[in-house]
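FYI, it's all coordinate maths here, none of it is from the lab. Computed from a predicted model, the values in this text were never measured in an experiment. Note that we place each Cβ from the backbone using ideal geometry, even for glycine, and neighbour counts take in every protein chain shown.
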Amino acid sequence: MVWTEKPASASRLPGPTVPWYFAGARVLEMFQIGPIQGNVGLNVGVLSYAGGLGFSVVGDADAIPDLETFVAGLDGTLEDLGVSDSGTG
């Protein structure tokens, strides 16, 4: 993986512990999206929601041209930990 030594940002926010509803429909997933600002090259956000976790990965394509490799590694690590993908998208 190529890294141009730009700073990275990561955050984990606690979300609602019970499902929310919007216009009568249950909200299935929630994600936080962290923007890339200034000299930050990578932002990883984790938001808990109703017993699950939503991950978002946002990266500067110039700083991290192989961001897909990073995401694949994250997916593989979560699989190794026994975390199943029950997402809808």
Vicinal HN-Hα couplings computed from phi for region 9-16 (Karplus, 6.51 cos²θ - 1.76 cosθ + 1.60; Hz; Gly/Pro x): 10, 9, 8, 10, 10, x, x, x
Share antiparallel - DSSP beta bridges, the chain, percent rounded to 5: 60 percent
Ranked GLU79, GLU29, criterion: other C-beta atoms within 10 Å, fewest first: GLU79, GLU29
Under 5 Å, built H, 5+ apart or other chain: amide partners of LEU13: VAL46, LEU47, SER48
For log10 I(q)/I(0) by the Debye sum over Cα atoms at q = 0.10, 0.15 Å⁻¹, calculated from these coordinates, the label among (1) -0.37, -0.63; (2) -0.44, -0.72; (3) -0.31, -0.65: (3)
Karplus-derived 3J(HN,Hα), 6.51/-1.76/1.60, for each residue of region 73-79, Hz, glycine and proline x: x, 5, 4, x, 5, 5, 4
222 nm mean residue ellipticity, helices alone, for the chain (DSSP H n ≥ 4; -39,500 (n - 2.57); rounded to 500): -5000 deg cm²/dmol
